[in-house]
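One structure coming up, written as C-alpha cells, with questions to follow.
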Amino acid sequence: MTTQGVLRAQAQDGRGTVPLSTQVADQFPILKRRIDGQPLTYLDSAATSQTPQAVVDALVRYYTHYRASVDRGVYPLLLEATEAYESSRQAVADWLHSTVEETIFTSGATMSLNLVAQTWGRTNVGAGDVIVVTEMEHHSNVVPWQQLALEKGAKLRYIPVDDDGKLDLGGYAQLLELEPKIVAFTHVSNVVGTINPVADLVRAAHSAGAIAVVDGTQAIPQMPVDLREIDADFYAWSGHKVYGPTGIGVLHGRRSLLEEMPPFLAGGHMIKRVSDDSSTWTDLPGKFEAGTSAIAEGIGLGAAVRWVQEIGLERIRAHEQALTAELLSRLEGFPGIHIHGPHDASDRGGLVSFTLDGAHPHDIGEILGREGVCIRTGHHCAQPLMRRLGIAASARASFAVHNNGADIDRFMAALQSVRRVLEL
Ligand SMILES: Cc1ncc(COP(=O)(O)O)c(C=O)c1O
C-alpha cells in the first residue's frame, strides 16, 4: 500500500478525512522534538510507547494537587488519591472485561509473570512435571519458568515456531500429550509480530489439564482484547507500552486461583492480621500488592486507558495494520533485505523485524538514529527465537497511533543511507 493508500484507508475509518495520526500526533509533546534539526521519527513503540499530554497531565495533577498515600488514612487528600488510584483499576478491569479483584497492579509484565511462577508455580509444580512455553517468547516469559523448572526438577519444553514465524500447532498438540502443568505463551510476538490464536491455545491447554498463562504485553496496545473470550488463567501486560507511565503493569488472574495462591511479596498493605508468628492476608487484589503502591503510575495508567478507549482500539489496529502493510510492501523490493515473520499484515501486529545482508543491525540502528529515525536493534530479549531464525540480532520498526506515511518515507530514506554509508 502506498502512502496515499494508507491515508485513504485512514480516511475511511468513519471519522472524516483527517488521518488518525494527524488527529492525535499533536497530543504527544515529544513529537515536537527535533534530533539534530530533523523531525523525530519514533518507530520503537513496541519497546516503549510515547506519552500523550492527557497522561502527563494526570501525573502532574497528582504530584501538584493531591499527592498522598493510598488506603492508609482518612484525610481528604488521601481519599482523593485512593479514589483516583482505584478508579484506574476499575477502568482497566472494565476495559478488558475483568474484575477489580482479578486486576493486580505490578511493576510490569516481567513482575506479573514472575509472580505467577513464584506463587502458583512453586506451589503446584514438582519434580518431573512439564512446563510448556514457545520458541517465540520474550525472556520474561521464559526465564521465570526456567528458574522454576531448575528449582523443582521440572522440564521446560518449547512449542516450535515455523519458518513464517507462526506456532507449529501440531508440535503443540504433541507437547500437550505430556500433560504439562503450565502452558505459557505470548499473545503477539515482540519480534516477528505473529498474532497467536490465544483462545484456541488456552482451550487446548485446559483440555490437557494445564493452566494457561498469556503474555499480553504486545497485544494490549494495539488490538481489542476481551479477557472473557480468551479465558486464560493469568494474563500479564505492561503500562508503558500502552501510552502509560513506566513502572506499572498488570496481572489479571482467575479469582479461584488467586485466592488459593500464597502471596508473592510480603510486608505492609497485603496483610489482614499480623501476630508474632504468622499473618493472614488481605482480600484480593491487595494480597498481591505489598508495600506502598506505584500511585502516580497507577493513576497515569488509568488516564492512558481512558485515552486509548476514546480513540478506540479497532481504529488503532486498522491504522497500524495499514502502516505495517505499506512498510512490508516497500521493504519487499529493497536489495538484501530479509523480513522475519508472517508476510501478511493481517497476521501480525504493527511491527516489522528485518535483517539486511552486509549490515549489522547495530549499524543500521545507528545510521538511522543520526537521521532522527528510532528503531530497536538486537536480540529483542528473545534469544531462543533468534536461534530458531538463525540470526544473532535483527532491526525492528514498530508503529503507534501517531505514526503516518511520512514516518515510513523517512525510514526508507534512512535505509538508503545505510546502503550508501556501508557501501552495500
Ligand atoms: C512480549 C513481551 N513480553 C514481556 C515484555 C517485558 O515487559 P516489561 O519489561 O515491561 O516487564 C516485553 C517487553 O519488551 C515484551 O515485548
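The values are calculated or read from the model by the stated rules, or taken from the named source; none is laboratory data. If you're wondering where the values come from, they're calculated on a predicted model, not measured in any experiment. In this analysis, Cβ positions are derived from the backbone assuming ideal geometry, glycine residues included, and neighbour counts consider all displayed protein chains.
Among the numbered criteria (1) away from the ligand (no atom under 16 Å from the Cβ); (2) buried (at least 22 other Cβ atoms within 10 Å of the Cβ); (3) not in a loop (DSSP other than H, G, I, E, B), which single criterion is violated by Pro180?
Looking at each condition in turn, Pro180 falls short on (3).
For the range 292-408, give me every one of the strands (runs of 3 or more DSSP E) that falls completely inside it and has 2 or more residues that are crowded, with 24+ Cβ neighbours inside 10 Å, touching a Pro at 6+ places or on another chain (Cβ under 7 Å) and not hydrophobic (A, V, I, L, M, F, W, C).
Details: elements: 337-340, 351-356, 376-378, 394-398.
In the range 292-408, no matching strands (runs of 3 or more DSSP E) lie anywhere.
Could you tell me which of the residues Thr106, Thr186, Thr110 is surrounded by fewer than 24 Cβ atoms within 10 Å (Cβ to Cβ) and closer than 29 Å to Pro285 by Cβ?
Working: Thr106 fails: surrounded by fewer than 24 Cβ atoms within 10 Å (Cβ to Cβ); Thr186 fails: surrounded by fewer than 24 Cβ atoms within 10 Å (Cβ to Cβ).
Every option except Thr110 fails the conditions.
Then there is this: Taking Gly244, is it touching a helix residue (DSSP H, G or I) at 6+ places or on another chain (Cβ under 6 Å), modelled with pLDDT of 95 or more and assigned to a loop (DSSP other than H, G, I, E, B)?
Against the criterion (touching a helix residue (DSSP H, G or I) at 6+ places or on another chain (Cβ under 6 Å), modelled with pLDDT of 95 or more and assigned to a loop (DSSP other than H, G, I, E, B)), Gly244 qualifies.
Among the residues of the range 85-93, is any among the β-branched types (Val, Ile, Thr) and over 30 Å from Thr377 (Cα atoms)?
Of all residues in the range 85-93, those among the β-branched types (Val, Ile, Thr) come to 92.
Still in the list and also over 30 Å from Thr377 (Cα atoms): 92.
Among the residues of the range 85-93, at least one is among the β-branched types (Val, Ile, Thr) and over 30 Å from Thr377 (Cα atoms), which makes the answer yes.
Applying the selection to the range 267-291, what residues are touching a residue at least 12 places away in the same chain (Cβ under 8 Å) and surrounded by 13 or more Cβ atoms within 10 Å (Cβ to Cβ)?
Listed by number, the residues that qualify are His269, Met270, Ser279, Trp281, Thr282, Leu284, Pro285, Gly286, Lys287, Phe288, Glu289, Ala290.
Hey, another quick one. State which residue pairs qualify: first residue at positive phi and inside the range 181-196, second residue part of a loop (DSSP other than H, G, I, E, B) and small (Gly, Ala, Ser) in any location, beta carbons under 7 Å apart, and separation of 6 or more residues or different chains.
Between residues of the range 181-196 that are at positive phi and residues that are part of a loop (DSSP other than H, G, I, E, B) and small (Gly, Ala, Ser), the close pairs are Gly193/Gly341; Gly193/Gly349.
Quick one: would you say Ser329 is polar (S, T, N, Q) and in contact (Cβ under 8 Å) with a residue 60 or more places away in the chain? Spell out the reasoning first.
Numbers: polar (S, T, N, Q): yes; in contact (Cβ under 8 Å) with a residue 60 or more places away in the chain: yes.
Yes; evaluated as a whole, the condition is true for this residue.
Hey, among Asp94, Asp57, which residue is within 30 Å of Val373 (Cα to Cα) and surrounded by fewer than 17 Cβ atoms within 10 Å (Cβ to Cβ)?
Going through Asp94, Asp57 in turn, just one is within 30 Å of Val373 (Cα to Cα) and surrounded by fewer than 17 Cβ atoms within 10 Å (Cβ to Cβ): Asp57.
Take the range 247-273 and flag every residue that is part of a loop (DSSP other than H, G, I, E, B) and away from the ligand (no atom under 12 Å from the Cβ).
Those that are part of a loop (DSSP other than H, G, I, E, B) and away from the ligand (no atom under 12 Å from the Cβ): Arg254, Met261, Pro262, Pro263, Phe264, Leu265, Ala266, Gly267, Gly268, His269, Met270.
For the range 206-229, which positions are under 22 Å from the mean Cα position of the chain (by Cα) and assigned to a helix (DSSP H, G or I)? Don't jump to the end; show me each part of the working.
Initially, the range 206-229 is screened for residues under 22 Å from the mean Cα position of the chain (by Cα), giving 211-229.
Hits for the range 206-229 are Leu227, Arg228, Glu229.
Give me the pairs, please: first residue somewhere in the range 377-396 and in contact (Cβ under 8 Å) with a residue 12 or more places away in the chain and among the aliphatic types (A, V, I, L, M), second residue anywhere and within 11 Å of the ligand (Cβ to nearest atom) and assigned to a loop (DSSP other than H, G, I, E, B), beta-carbon distance under 7 Å, and either six or more positions apart or on two chains.
Matching pairs, first to second residue: Ala382/Met136; Ala382/Glu137; Ala382/His138; Ala382/Asn190; Ala382/Val191; Leu385/Met136; Leu385/Val191.
Which pairs turn up if I take residues in the range 221-242 that are closer than 24 Å to Ala400 by Cα and more than 15 Å from the ligand (Cβ to nearest atom) and look for partners that are among the acidic types (Asp, Glu) and in a helix (DSSP H, G or I) with beta carbon separation below 7 Å, at least 6 apart in sequence or on another chain?
Correct list of pairs: Pro224/Glu314.
Just checking, how many residues over the range 109-142 are within 11 Å of the ligand (Cβ to nearest atom), of a type in the set (A, V, I, L, M, F, W, C) and closer than 22 Å to Arg387 by Cβ?
3
What number of residues within the range 183-205 are touching a Lys or Arg at 6+ places or on another chain (Cβ under 9 Å), near the ligand (Cβ under 10 Å from one of its atoms) and in a loop (DSSP other than H, G, I, E, B)?
Residues meeting the conditions: 3.
Ok, one more. Quick one: which residue in Tyr158, Tyr172 is out of contact with any Leu (no Cβ under 6 Å at 6 or more places or on another chain), part of a helix (DSSP H, G or I) and of a type in the set (Phe, Trp, Tyr)?
Sole residue among the options that is out of contact with any Leu (no Cβ under 6 Å at 6 or more places or on another chain), part of a helix (DSSP H, G or I) and of a type in the set (Phe, Trp, Tyr): Tyr172.
Based on what the data block shows, is Ser87 under 20 Å from Asp283 (Cβ atoms), crowded, with 20+ Cβ neighbours inside 10 Å, polar (S, T, N, Q) and at pLDDT 95 or above? Break it down stepwise before answering.
On the way: under 20 Å from Asp283 (Cβ atoms): yes; crowded, with 20+ Cβ neighbours inside 10 Å: no; polar (S, T, N, Q): yes; at pLDDT 95 or above: yes.
Spelling it out, it is not the case that Ser87 is under 20 Å from Asp283 (Cβ atoms), crowded, with 20+ Cβ neighbours inside 10 Å, polar (S, T, N, Q) and at pLDDT 95 or above.
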